[in-house]
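Enquirer: Before we start, here is the structure in question, set down as structure tokens.
Each reported figure results from applying straightforward, stated rules to the coordinates on display, with no laboratory input. On a predicted model such as this, the values are computed, not experimentally measured, just so you know. Cβ placement follows ideal geometry from the backbone for every residue including glycine, while neighbour counts extend to all protein chains displayed.
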Amino acid sequence: MDNNTSSTEPTENPEIDKSAKNTRWQQTLRNPLWWLVFVLTVPGLVAIWLIWQQQQLLITQNDQLSPLVPLPNQVAAATSAHKKLQQQVNEQQQMLDKQAATIRDLEQRERLSDREIRLRWTLSEIDYLLQLANQRSMLAKDVAGARQALTLADDKLQTLDDYRLQPLREQIAEEKLALDAVSKADIAGMSADIQSVIQGIDRLQVVKGPKPGWDPVAETAANSQVASSWRQAASEIWQQLRSLVVIRQQDDAPAAVLMPEQRYFLYQNLRLQLETARFALLSGKQNVFESSLQSSIDWLAQYFTGDQRDAVLASLQTMKSKSIAVQIPDISGSLRWLEEFQP
């Protein structure tokens with residue numbers, strides 16, 4: 001029965017169904033309400049899709065930027081480390097430069113030839129001679145010694161035969177001419193003569209007067225029984241004073257001289273005057289030199305005698321007549337030139 005029923009039902013045709021669907025779809029498209037729904041729905045869907053895309057983009061950007069949050073601290077740390085590293089590199093570079101300079105210096109020393117060694121050695125000798133010349137001229141006022149030192153320095157330069165040193169030889173020649181124009185007073189020799197006189201002072205003979213004789217006035221005063229007490233005291237004081245002073249006759253000296261036991265003061269005063277004259281001689285003080293020598297001459301003539309005194313007087317009078325106030329020229333130019341010279 002079932003089979004019969006199913007056989008009697010009409011069969012569906014696919015083409016009829018497809019045609020019906022197309023008809024319904026066309027009817028739907030012609031429906032204004034559907035188009036209104038479409039117009040209202042599609043932009044919303046598009047907006048929703050765009051919003052979703054932006055959210056996804058923001059999430060992606062946040063994920064990418066999250067590792068960069070500590071970047072400023074890392075940059076600062078990297079900058080500090082770079083500075084320290086650069087400082088260490090600079091220090092190492094300075095050490096390398098010093099070592100390179102040391103190596104170059106050692107290489108230069110090793111490469112010195114015999115001629116260069118001889119040049120440096122001779123220049124050291126010339127430098128010493130020029131310093132000696134300046135010391136003799138400025139400190140000791142020894143013009144002759146200064147000129148001799150310059151001459152020796154010029155002789156050393158002549159042995160080198162180096163054209164670069166010709167300006168130095170010309171400077172030394174000018175300084176020698178300047179020293180030749182200075183007065184010929186032998187300051188060093190005169191100083192030695194005065195020192196010799198000072199050392200022989202104790203051998204000079206002092207003028208001695210006669211011993212005090214009998215004094216009738218004093219004896220009368222001492223033997224008087226009627227003199228008052230104040231006269232006796234005055235007489236005693238007078239006797240003590242007369243024991244210190246002796247009266248002698250001399251045409252060219254004062255009448256009173258000290259007793260022999262007080263010769264020490266005569267010697268010391270003469271020594272002081274001669275030391276003053278010697279200091280003035282070395283200092284170039286003409287007035288003080290002449291004044292001290294004149295005082296020494298007067299002292300010798302007044303309180304000393306003998307042939308040795310006469311010889312000392314003649315020597316001092318000769319020195320007194322000489323001029324010592326000389327202007328020493330500046331001869332330091334050659335020394336400065338040599339100090340700036342680079343062999």
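Enquirer: Say the dipole of the stretch 295-343 comes from +1 at the beta carbon of Lys and Arg and -1 at that of Asp and Glu; which of SER334, ALA301, THR318 then lies farthest toward its positive end?
Expert: Value computed over the given set: ALA301.
Enquirer: While we're here: Ranking request for peptides 140-151, 117-128: highest mean number of other beta-carbon atoms within 10 Å first, then the rest in descending order.
Expert: 140-151, 117-128
Enquirer: Now for a different question. How far is it, in nm, from the label point at VAL326 to the one at ASN90 when both lie 7 Å from their Cα along the line to the Cβ?
Expert: 6.0 nm
Enquirer: Moving on to the next point. Could you please report the charge total around LEU132, scoring K, R as +1 and D, E as -1 over all other residues with beta-carbon less than 11 angstrom from its beta-carbon?
Expert: Value of the local net charge: -2.
Enquirer: Given the C-alpha centroids of the stretch 163-190 and the stretch 292-326, what is the distance between them in whole angstrom?
Expert: 33 Å
Enquirer: Could you calculate the contour length gain from THR41 to PHE341, that is, 0.36 nm times the residue separation minus the distance between their Cα atoms, to one decimal place in nm?
Expert: 97.8 nm
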